[in-house]
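Novice: One structure, as structure tokens, below. Some questions next.
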Amino acid sequence: QEDKLFVYVSPDPIGVNAFLQMGRDGIEAAGEEYGADVRTYESRTAADRLENVNAAVNEGADIVVLLGFEFNDIVREVAPTAPDTEFLIVDQCIEDRPENVHCAVFREYEASYLMGVAAGMLSESGKVGVVGALDIPFLHRYTDGYAQGVKSVAPETTVDVRWVGGENPFSDPVRAKEQAVAMHSAGSDLIFTATSGGDFGVFEAAEERDFLVFSVDINQCPQAPGHVVDVTLKRVDNAMLQAIGAILEGEHAMMSLGLAEGGVSAMALEEDQLADSQCVVAEHPEVVEKMRSVAASIIDGSLTLEDPMFAQ
Amino acid sequence: MRASLSGITVRFGALTAVDNVSLDIEPGEIHAIVGENGAGKTTLMNVLFGLVQPEAGAISLDGKAMRWASPQDAIRHGLGMVHQHFMLQESMTVLENIVLCAEPVTRFGFIDFAAARRRLAEVAEEHRISIALDRPVGRLSVGERQVVEVLKMLYREAEVLILDEPTSVLTPLEKDRLFATLRSFRSAGKAIVLITHKLDEVMELADRVSVMRGGRLVRSGRLSETSKEEIARGIIGGELPPARQRTARTPGEEVLSVCDLQVSGRGGAIGPLSLSVRAGEIVGIAGVSGNGQAELIQAVTGLMPLLSGEIMLCGRPIGHLDVEDRRRIGMSYIPEDRQRMGLALGATVSENANAGRDDRAAYTRGPFLNRAAMARFARQLIERYRIRVGGTSAFASTMSGGNKQKLVVGRELARDTPLVIAENPTWGVDIGAIDFIHGELMRKRDEGHAVLLVSTELDEVLALSDRILVMYSGALAGEVAGAEADRERIGSMMTSRAADALPEVA
Amino acid sequence: MNGTLGREAMSWAVALAWIAAVLFILMALVGAPFGDALSAFLQNAFGGRRFSYLMATLSRAALIAGMAVSVMLSFRAGLFNIGGEGQLVAGGLVAALAALLLPGPPLFVLTASILAAMLAGAGWALLAGALHLYVGVPLLVGSLLLNYPIRYIASYLVAHPFRDVQSGMVQSHLVPQATWLPYFPGTRLDIGILFIIAASLFAIVYSRATVHGYHARMNGLSPAFARTVGLPVRKLTLQTLAMSGAIAGLVGAIAVFGIHHRYIDGMLVQPLYAWTGIIAVLLVGMIPWAVPLSGLFFAAIQTGAAGMERSAGVPKEIALVMQAVIILFVASRVSGALVASSERKAGAAEDA
Amino acid sequence: MLDLLFDPSFAASVPRFVTPILLAALGGALCERAGVFNIALEGFLLVGAFAAVFGSFFSGSPYLGALAAVMAGTAMGLVFAEFNLRRGGDAIVVSIAINILAAGLTTYLLRAVFDAMGAFSDPAIAGFGRVSIPGLASLPLIGPFLSGQSPLFYLALLAVPALSFFFARHRLGLRIRAAGENPAALEAGGVGRRRVQLYALMGCGALCGLGGAQLSIANVTLFVENMSAGRGWIAVVAVLLTRGRPWPLFIIAVIFGAVDSLSFRVQGLGMPQQFTDMMPYLATLAVLVALSWWRRGRTANGGTL
Ligand SMILES: Nc1ncnc2c1ncn2[C@@H]1O[C@H](COP(=O)(O)OP(=O)(O)OP(=O)(O)O)[C@@H](O)[C@H]1O
Ligand SMILES: Nc1ncnc2c1ncn2[C@@H]1O[C@H](COP(=O)(O)OP(=O)(O)OP(=O)(O)O)[C@@H](O)[C@H]1O
Ligand SMILES: [Mg+2]
Ligand SMILES: [Mg+2]
């Protein structure tokens, strides 16, 4: 029996969601590292999330890790009543944090911006697309970041932004595929997909109709070899490990993780992995070159990007 | 084929519906079964047909003991039953209804309709029946539906035919046709059971008659060895009341007047027609069903919108009012279809008895119900109309047909309105109850109420009405004063031309 | 008498044995200990430190029972209104927006918002009723179809014009803190459940003891009969739907002021409150007093199953299967359900 | 603008949307006509989709995959029958339970059989290719819609007249209609209502299974948790709307499919996703309203004839 308990509460069923899976990897690594019991509570609805957080407190968790922006209200409500529990929100933060609330956020739009740069350079039709699961602010970090990246290298290129929607937007490969096909028919030759469970559908469309795609979170290039140009990488597990370490040291942690901190990245930036990644971008050294230089200017601060999540 | 029932007993809870009944049904005979409502006739036949499992007793066919697991067994062994309530699919054609459950099929289970037509042509030829096979049953008159039911039995080559009150909805002409058919069956050697409440029919048709009362078989024998009076005494278990004396009465002022009324009907517009009913008279409307009576009544009661014309009740135009307002002004209505319109079968007797009362204060306290007052009222009806039922909180669905009818009549007459509309008020009701309901309607008249009676039963119209209107093809075909009316004249008014209204039935 | 009771008890026992057997097999497949799972289930449905899990069950039960009561009013009147979800969303949305937009003292804002939510729920139900009565769209279809537009309208409103931009989620701003429903002292259960208890009492009394309820039920049992004896059928239909919708709207408002304190996209749809309410009603054959208890039963199943997933290592898919199996076996045990289906059949035929 | 809406892929995409809905709805029609209030089409579809991937993965043939889907769907029909017909559970309650059961079971099996979470995609899953029927593509107007689809689409197309004929001319079809309209009369004729309804449920399961196969091994070749994604509910609406008549059902399914497919294209014009998601439902309501007005107009005329 370990003497500490870490609980990871996911905002949605984990399933194939690479981001949420990494959260679980992260908590397990942290449990290993710091000698704690770990548990994972998956939620499905807003009410489940509240219940799960309450349950974690009730079970006497030392650290509750909450992944996603869905937990703000809940933390604001529960944290003051549970002084013995530390809360770590990954991906989001709240204002006027109590002492026991810690944050780690990502700047996904920096990586998405790089995808846009690649798309702008590779597009022959002058039109590229992006499909997100649902028109929610969080996903604008992908869609808007991408669009800005495209415009930065090819101001004339238009960006077609679409959403999967429907009854089950985060895992509907059929609609996602259909959406990709429609965009391709409408002229887009490179499509960025941030559709969670729908990504498979977009890859299939790419293989059938022979166009190129970008994807997110982990290296998905082997899913459709020769069709995935590049993917954004998000190091949730790293972030979690670091943040938990900081909390255990007694810090009031507030971390923002972007390209500079290694919290997000792209395959093109990973010099040692790129060759074996099966990503198409490896065949375009000039694109890799450009992406790396843009990344460098983001890292050194000469290029600043705004977080699209808070844009109206 | 000879069917025998011996020692049959059926119990529903505490009630013994059929009590140790033994009966033989001989081939080449028409066997009439009569008895009060709830005497157990239907239940007994349901046992024979495999719909009800008896608690005790045995069935045998030609001396061989039989056990039915379901009606399918009975049908396979040559039994056929025409149920009181039609067992038909309204959206299907006549042909589809006839073959249903006994379909001639080709290799993959597809129905060989051509073969069915050929078979039916033979059967129909033999018994001289004919009907258009491709019409949907929903568009047939009740008489035609009865023909379909009979054809269903014939098509299955039934040797024992059971007909549960087949004539209660038929016009005289249709009834005659049915009887001709039944006679033809008899000569073909089939065994026929006929349940009915009409003793004239028994006298006309039956070879043998059995009387049931309270679940027991009180007598059974050849018709020739008994008389109508004796049968009637058997049914009632006592003497028949003397025939009613009609008191002469001059009608008062006009209670209902209908002027140039037009409504849309099934086959086209009904009307224009005009009529009036005065206080203290019974106006009877005779006619073959389906000639616009139903539409007329629905227009008067407010169940159907008018196309044009006006209706006055107690001097007030009511054409634009809804049912509730019309009833409040002074109208009661005994609908023909007690199962659907007269009662809510899933509700209790008490709830049914109190629906539509205007004297709300008597059974409510503010917005709340006074359940005790409701039950008291229902109990009054039960006692006054001698309704046989488990109690005020029994479900209406557990009452026999006659008792259901009494409850509807009782509820409506208790409202004591200037106008009473009665539509086939004695449909399927036993002779005791018929007499009682007729007496109530007469009493209403004598008390100065206006009564509008619609009946497909010519005898009923003749017995009650002060004036008789005959409806044909959506219009009034003529008017006869009650005293001068005779069967033949009215019968010919409604049937002579009615024959060409039903060209499909030969 | 004793015999039938004994038989009844026996068949219940058999059903429970079936449920246990199916669950046992499923759990054996993933190697979860049956006993632990069961105790985790009970513990998580009713126990917890200071009964915190019981509070979670009650909080969920409030919403489910509220929806069940709403549905019951319609169903008993023969109105096959399965648009409770839309009415719930309409109520929740309007409650949140009204609280955000209305000026004035908190108590006034709260009261006015709850009333507005009830009006919105009633309005959405009346829309289905009007389509049914005046346009000829069967209530069953119309009310089901109307669930979707309101869901997306709400989603649009909180995604665009009324979005809380700072939060990054599809949700409205928080309603003023002074309008939040207080917790029962020492618990994390808000007093919204009192509203639901009141609504349930109202529905029970209404169904059993009022003239309007009696008339509505006659209409439900046989519309032709109701018309013939002169009951105001259209008015009854619309009034009943409005009542039903208003209660759904109230439930939406309670979810806003008691639990989430804002309108979050999907918060009323994803937990299937409306559908659970429908099964809760059908499970007990629309017997009024049993309906709230049935709602509590389903809430307990859901919190228990969620807890079992958390603490006994039984994966969530087993929890789903378990819920389904329990519903299947229990539902088929309850004879009242037969009544319900025959009444519905009559109602559906009337829609033609 | 218009060319954006009606790009060539539009015609090809409509059948992909129509097929699963149509197949599920035809199955639902069997139940509706038989008087079984089955709103578990969503669950049936989902199980079918899973079984199709299962069958195709292990056999390497999409046809065997479809067969597995048919068998699994039929099994779900049997479960429905057991609890609704035999044990007398309310049809809605049973439906909802089966929908939950399907979601739970498929996810569980996904984990147990394929050791996959959420989704399973593998080159070993054989998908249906596109069938090109000579001459079809050159048909005016409808050619682009009909050509180059999966065999299941053509099957679904054939199923419409077949079901119509089945109801009109087949023994079981006739009995199914009777069970739905006046079951007492069927029983009085000696045919058990329940048996007939059982067959209807099995047929419904089989058709829904095929619909599921279209989703998982024809539209795409993978399985994702809950991949039926509400299509079963759309089929339910279509069935209720048409009272289970095959031809009107076909029309509604096509409208649904076309509007759904169109709504993607409209998104390209910048309409908010929430509004495009609403389109199929609003279109259906509009059709309903129009239909009822048309009917009313017709009966009003008929009344005075
Ligand atoms: N299934 C049943 N459950 C309870 N009581 C029943 C049932 N079937 C019949 N009864 C009762 O049994 C008695 C006999 O009914 P039955 O229908 O046989 O009478 P009947 O002679 O056909 O009457 P009627 O002339 O009205 O048709 C009645 O009191 C009836 O209420
Ligand atoms: N399942 C049942 N439960 C309770 N009562 C029933 C049931 N089935 C039939 N009955 C009753 O049994 C009796 C026999 O039914 P039957 O079909 O003869 O109709 P009926 O009411 O007798 O009609 P009528 O008197 O017009 O012939 C009726 O009283 C009916 O209400
Ligand atoms: Mg009888
Ligand atoms: Mg009878």
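The values are calculated or read from the model by the stated rules, or taken from the named source; none is laboratory data. Because the structure is predicted, anything quoted here is derived from the model rather than measured. Heads up, the Cβs are rebuilt from the backbone with ideal geometry, glycines too, and the neighbour counts pull from every protein chain shown. To get the accessible areas, we keep the full protein, side chains included, count just its heavy atoms, and leave off ligands, DNA and RNA. Shrake-Rupley method; radii C 1.70, N 1.55, O 1.52, S 1.80 Å.
Novice: I need the calculated FRET efficiency for the pair D:TRP247 and D:LEU282, taking r as the beta carbon distance and R₀ as 25 Å, to the nearest 0.05.
Specialist: 0.60
Novice: Using a 1.4 angstrom probe on the protein heavy atoms only, could you order B:ARG443, D:ARG130 from most to least accessible area?
Specialist: D:ARG130, B:ARG443
Novice: Where does region B:86-234 land on Rg/Rh, using Cα atoms and the Kirkwood Rh?
Specialist: Answer for region B:86-234: 1.03.
Novice: If you don't mind, another one. Of A:THR193, A:HIS227, A:PHE211, which is farthest towards the positive pole of region A:173-238's charge dipole, taken about the Cα centre with +1 and -1 on the beta-carbons of Lys, Arg and Asp, Glu respectively?
Specialist: Farthest along the dipole direction, towards plus: A:THR193.
Novice: If you rank B:HIS85, C:HIS212 by how much accessible surface each has, with a 1.4 Å probe, what is the order from largest down? Numbers along the way, then the final one.
Specialist: Numbers: B:HIS85 85, C:HIS212 60 Å².
These residues rank, largest area first, as B:HIS85, C:HIS212.
Novice: Could you size up the charge dipole of chain B around its Cα centre, putting +1 on the beta carbon of Lys and Arg and -1 on that of Asp and Glu, and report it in debye to the nearest 20?
Specialist: 1280
Novice: Could you tell me which residue out of B:GLN380, B:ILE431, B:VAL255 lies farthest along the dipole of region B:254-492 toward its positive end? Charges go on the beta carbon: Lys and Arg +1, Asp and Glu -1, centred on the Cα centre.
Specialist: It is B:GLN380, whose Cα lies furthest towards the positive end.
Novice: Just the accessible area for C:THR179, please: 1.4 Å probe, Å², rounded to the nearest 10?
Specialist: 0
Novice: Next up: Hey, can you list the residues from region A:280-312 whose accessible area shrinks by 40 Å² or more with all protein chains present, relative to the chain by itself (probe 1.4 Å, no ligands or nucleic acids)?
Specialist: A:PHE310, A:GLN312
Novice: What does DSSP give for region B:254-492 in terms of the percent of beta bridges that are antiparallel, rounded to the nearest 5?
Specialist: Of those bridges, close to 60 percent are antiparallel.
Novice: Dipole size in debye (nearest 20) for the protein assembly as shown around its Cα centre, Lys and Arg Cβ +1, Asp and Glu Cβ -1?
Specialist: 6480
Novice: Go through region B:2-7 residue by residue and turn each phi into a ³J(HN,Hα) via Karplus (6.51, -1.76, 1.60, θ = phi - 60°); whole Hz please, and just put x for glycine and proline.
Specialist: 9, 10, 10, 10, 9, x
Novice: Moving on to the next point. Test of the criteria: in region D:1-91, which chymotrypsin sites (Phe, Trp or Tyr not before Pro) are in a DSSP loop and have at most 14 other Cβ atoms within 10 angstrom of their Cβ? If you can, show how the numbers build up before the last one.
Specialist: Working: sites: D:PHE6, D:PHE10, D:PHE17, D:PHE37, D:PHE44, D:PHE50, D:PHE54, D:PHE57, D:PHE58, D:TYR63, D:PHE80, D:PHE83; in loops: D:PHE6, D:PHE37.
Filter output for region D:1-91: D:PHE6.
Novice: Separate question: Rounded to the nearest 0.05, what FRET efficiency do B:ALA362 and B:ARG443 have when you use their Cβ-Cβ distance and R0 = 35 Å?
Specialist: According to the calculation, E is roughly 0.95.
Novice: Now, a different point. Tell me the volume per residue, in Å³, of the convex hull enclosing the alpha carbons of region B:254-492.
Specialist: 121
Novice: Along the Cα→Cβ direction, 7 angstrom out, place labels at B:ARG118 and C:LEU42. What is the inter-label distance in nm?
Specialist: Simple spin-label model gives 7.2 nm for this pair.
Novice: What nm value, rounded to one decimal, do you get for the distance between C:ILE25 and B:GLU383 when each label is placed 7 Å out toward the C-beta?
Specialist: Here the modelled spin labels are 6.1 nm apart.
Novice: For the pairing of chain D with chain C, what total accessible surface becomes buried, with a 1.4 angstrom probe, in square angstrom to the nearest 100?
Specialist: Heavy-atom accessible area buried at this interface is about 4100 Å².
Novice: Report the label-to-label distance for B:GLU229 and B:THR9 in nanometres (one decimal), using points 7 Å from each Cα along the Cα→Cβ vector.
Specialist: For B:GLU229 paired with B:THR9, the spin-label model returns 3.7 nm.
Novice: Follow-up. Seen from all sides and averaged, what is the projected area of the convex hull of the Cα atoms in the protein assembly as shown, in nm²?
Specialist: 57.8
Novice: Using 1/(1 + (r/R0)^6) with R0 = 22 angstrom and r between the beta carbons of D:VAL266 and D:ALA290, what's the FRET efficiency to the nearest 0.05?
Specialist: Working: r = 21 Å, r/R0 = 0.95.
E(calc), rounded to 0.05, equals 0.60.
Novice: Taking Rh as the Kirkwood radius computed over C-alpha pairs, what is the Stokes-Einstein D of region B:155-259 at 4 °C in a medium of viscosity 1.567 mPa s, expressed in µm² per second?
Specialist: Roughly 77 µm²/s, to the nearest whole number.
Novice: Considering only DSSP beta bridges whose two residues both sit in region B:3-236, what percent are antiparallel, to the nearest 5? Let's see the in-between values first.
Specialist: Details: 23 of 41 bridges.
Bridges in region B:3-236 that DSSP calls antiparallel: roughly 55 percent.
Novice: Still on this structure, please answer the following. Which ³J(HN,Hα) values in Hz, rounded to whole numbers, follow from the phi angles of region A:151-164 under the Karplus curve 6.51 cos²θ - 1.76 cosθ + 1.60, where θ = phi - 60° and Gly and Pro get x?
Specialist: Going residue by residue, I get 4, 5, 9, 9, x, 7, 6, 9, 10, 9, 9, 9, 10, 6 Hz, with x marking Gly and Pro.
Novice: Does anything in region C:223-267 have its amide N under 18 Å from the 7 Å Cα→Cβ label point of C:LEU133, and if so which residues?
Specialist: Once the point is set 7 Å along Cα→Cβ of C:LEU133, C:223-247 turn out to lie under 18 Å by backbone N, inside region C:223-267.
Novice: Between the chain alone and the structure with every protein chain in place, find the residues of region D:186-205 that drop at least 30 Å² of accessible area; heavy atoms, 1.4 Å probe.
Specialist: Residues shielded by partner chains are D:ALA188, D:GLY189, D:GLY190.
Novice: Which loop trypsin sites (Lys or Arg not before Pro) in region B:58-133, with loop taken from DSSP, have no more than 14 other Cβ atoms within 10 angstrom of their Cβ?
Specialist: B:ARG67, B:ARG107, B:ARG128
Novice: To continue, here is another question. Taking the Cα centre of chain C as origin, sum charge times position over the Cβ atoms of Lys and Arg (+1) and Asp and Glu (-1), and report the length of that vector in debye to the nearest 20.
Specialist: 400
Novice: Oh, and also: Of the DSSP beta bridges with both residues in chain B, give the percent that are antiparallel, rounding to the nearest 5.
Specialist: Counting DSSP beta bridges with both partners in chain B, the antiparallel share is about 55 percent.
Novice: Please list, in chain and number order, the residues 5+ apart from B:SER308 or on another chain whose amide H is under 5 Å from its amide H, with Hs placed from the backbone.
Specialist: Under 5 Å from the amide H of B:SER308 lie the amide H atoms of B:GLN262, each far enough along the sequence or on another chain.
Novice: Then there is this: With the Cα gyration tensor of region A:169-288 in hand, give its eigenvalues times 5 under a square root as the equivalent ellipsoid semi-axes, listed largest first in whole angstrom.
Specialist: 31, 18, 11
Novice: Continuing with this model, one more query. Please list 3J(HN,Hα) in residue order for region C:24-33, calculated via the Karplus relation 6.51 cos²θ - 1.76 cosθ + 1.60 where θ = phi - 60°; whole Hz, with x for glycine and proline.
Specialist: 4, 4, 4, 6, 4, 4, 9, x, 8, x
Novice: With the other protein chains left in place, how much accessible area per residue, in square angstrom, belongs to the protein assembly as shown at a 1.4 angstrom probe?
Specialist: About 36 Å² of surface per residue is accessible.
Novice: Still on this model: Restricting to DSSP H runs of at least four residues, report the calculated mean residue ellipticity at 222 nm for chain A, -39500 (n - 2.57) per run over all residues, nearest 500 deg cm²/dmol.
Specialist: Roughly -12500 deg cm²/dmol at 222 nm, from the helical runs in chain A.
Novice: Taking every residue in D:261-269, how many Cβ atoms of other protein chains lie within 10 Å of its Cβ, on average? Walk me through the intermediate numbers first.
Specialist: Working: counts 2, 1, 2, 14, 6, 0, 11, 11, 0.
Neighbouring Cβ atoms belonging to other protein chains average 5 per residue here.
Novice: What do you reckon, how do C:TYR134, C:TYR206 stack up by accessible area (1.4 Å probe), largest on top?
Specialist: The ordering from most to least exposed comes out as C:TYR134, C:TYR206.
Novice: Could you tell me the convex hull volume per residue, in Å³, taken over the Cα atoms of chain B?
Specialist: Values: hull volume 82.1 nm³, N = 506.
Considering the Cα atoms of chain B, their hull volume per residue is 162 Å³.
Novice: In whole percent, and with a 1.4 Å probe on the protein chains, what portion of the accessible area of chain C is carbon and sulfur?
Specialist: Roughly 72 percent, rounded to a whole number.
Novice: Let me ask another. For a label point 7 Å from the Cα of A:ALA296 along Cα→C-beta, name the residues of region A:233-271 whose backbone N is under 16 Å from it.
Specialist: A:260, A:268-271
Novice: Now, a different point. So who's got an amide H within less than 5 Å of the one on A:LEU88, skipping anything under 5 residues away but keeping other chains? H placed 1.01 Å off N, in plane.
Specialist: Amide H neighbours of A:LEU88: A:VAL64, A:VAL65, A:LEU66, A:HIS102.
Novice: Just name one of D:ALA162, D:GLY73, B:VAL193: the one whose Cα is farthest towards the positive end of the charge dipole of the protein assembly as shown (beta-carbon charges, Lys/Arg +1, Asp/Glu -1).
Specialist: Final value for the positive-end residue is B:VAL193.
Novice: Right, next: Would you please give the residues with an amide H less than 5 Å from that of B:ARG213, counting only those at least 5 places away or on a separate chain, with H modeled from the backbone geometry?
Specialist: HN-HN under 5 Å from B:ARG213: B:VAL218.
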